[in-house]
C-alpha cells in the first residue's frame, strides 16, 4: 500500500461532506531459517516456504510434567575461525485450531548459542551464551 491514500467521506444526511487523505503503508519481517541447523523432528514452520518438508516433520508430544530430548545437528559453513551466534527456538504446534481447523503454534523457548567454526580437524569451540 506504499504511496496510496485512504479516502473517507461522510454519507449524505450526516452533515457536511468531508474528504481526508491519510498516507498509509504496511510491511512485515521475519527471521530467516538457519539452514545449518537440523533436528530429528524436522521444522514444521519451514513448510511455509517449502511444503515438501511436511513429510519430514515428526513432532514430539510432551505432556504436562514430562520432558523430552530433541537432538539438533549444526553443520557450520564458513571460514575457520568464524564466530557464529544465533537462537534456537522451541515451538509448540496445534492442528485443527477452531473455528476453521487451521494450524497454530507459539514460541515456547529461545535458546541462544554461539560457536567458532573449527579448522580442518572439525573441532569447533562452543561459547556459553551471554
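The values are calculated or read from the model by the stated rules, or taken from the named source; none is laboratory data. As the structure is a prediction and not an experimental result, all values here were calculated from the model. Cβ placement follows ideal geometry from the backbone for every residue including glycine, while neighbour counts extend to all protein chains displayed.
Here are some notes:
- Leading residue by the ranking (nearest to the chain's Cα centre (by Cα)) among those in segment 57-102 that are closer than 20 Å to residue 46 by Cα and without any contact (Cβ under 8 Å) to a residue 12 or more places away in the chain: 94
- Residue that is modelled with the lowest pLDDT [pool: residues in segment 82-100 that are part of a loop (DSSP other than H, G, I, E, B) and surrounded by 10 or more Cβ atoms within 10 Å (Cβ to Cβ)]: 93
- Residue 77 meets each of the listed conditions (1) outside any strand (DSSP E or B); (2) more than 23 Å from residue 30 (Cα to Cα) apart from (2).
- Restricting attention to segment 58-67, the residues being within 23 Å of residue 112 (Cα to Cα) and surrounded by 10 or more Cβ atoms within 10 Å (Cβ to Cβ) number 3.
- Test: residue in segment 35-51 that is part of a helix (DSSP H, G or I), out of contact with any helix residue (DSSP H, G or I) (no Cβ under 9 Å at 6 or more places or on another chain) and in contact (Cβ under 8 Å) with a residue 40 or more places away in the chain: yes
- Taken together, 42, 78, 55 contain a single residue that is within 30 Å of residue 118 (Cα to Cα), at pLDDT 85 or above and loosely packed, with under 12 Cβ neighbours inside 10 Å, which is 78.
- Going through (1) on the phi < 0 side of the Ramachandran plot; (2) modelled with pLDDT of 75 or more; (3) part of a loop (DSSP other than H, G, I, E, B) one by one, residue 18 falls short only on (2).
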